């Protein structure tokens, strides 16, 4: 069973957390991703930083597909859209706390290719203390 990307869920949760702490949420968007709609004159090094504070935008929608809202740039109202894969980070303007998103790897189907669950052992020895492969263990990376 393939799972949807966790990025959209984390993005919404972190946005709420930043707002609950009376901070201003900013997102970093890769403006080179297809279907991104941002004012190109504000793009630097292929990225744009956008303030998504409710007092700064209208009609903010953060769903599993992307982020969209209306914002004013130099007095001109513009519709902004970033597909979820184009959002690289969310952080609080005031202290920089937030998260940078990496690419999510393809998730293998836990039921196997034919839809049948396969039993697997975490180790290879009958005693239960065999060599545990590092590829069988989940890996977390600390990002500061």
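The values are calculated or read from the model by the stated rules, or taken from the named source; none is laboratory data. Note that the structure is predicted; figures quoted are calculated from it, not measured. Counting neighbours? That spans all protein chains shown, and the Cβs are built from the backbone with ideal geometry, glycine included.
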Only one of (1) surrounded by 14 or more Cβ atoms within 10 Å (Cβ to Cβ); (2) modelled with pLDDT under 95; (3) over 17 Å from residue 100 (Cα atoms) does not apply to residue 73, and that is (1)
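Okay, residues lined up against (1) out of contact with any helix residue (DSSP H, G or I) (no Cβ under 6 Å at 6 or more places or on another chain); (2) within 14 Å of residue 62 (Cα to Cα); (3) free of Cβ contacts under 8 Å to residues at least 60 places away in the same chain:
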{"position": "5", "(1), (2), (3)": "yes, yes, no"}
{"position": "8", "(1), (2), (3)": "no, yes, no"}
{"position": "15", "(1), (2), (3)": "yes, yes, no"}
{"position": "21", "(1), (2), (3)": "yes, no, no"}
{"position": "25", "(1), (2), (3)": "no, yes, no"}
{"position": "29", "(1), (2), (3)": "no, yes, yes"}
{"position": "32", "(1), (2), (3)": "yes, no, yes"}
{"position": "40", "(1), (2), (3)": "yes, no, yes"}
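Quick check: anything in the range 85-103 over 18 Å from residue 10 (Cβ atoms), modelled with pLDDT under 95 and exposed (fewer than 12 other Cβ atoms within 10 Å of the Cβ)? Give the steps one after another, and end with the answer.
If we filter the range 85-103 for residues that are over 18 Å from residue 10 (Cβ atoms), which is where we start, we get 93-95.
In the following step, the residues that additionally are modelled with pLDDT under 95 were identified as none.
Among the residues of the range 85-103, not one is over 18 Å from residue 10 (Cβ atoms), modelled with pLDDT under 95 and exposed (fewer than 12 other Cβ atoms within 10 Å of the Cβ), which makes the answer no.
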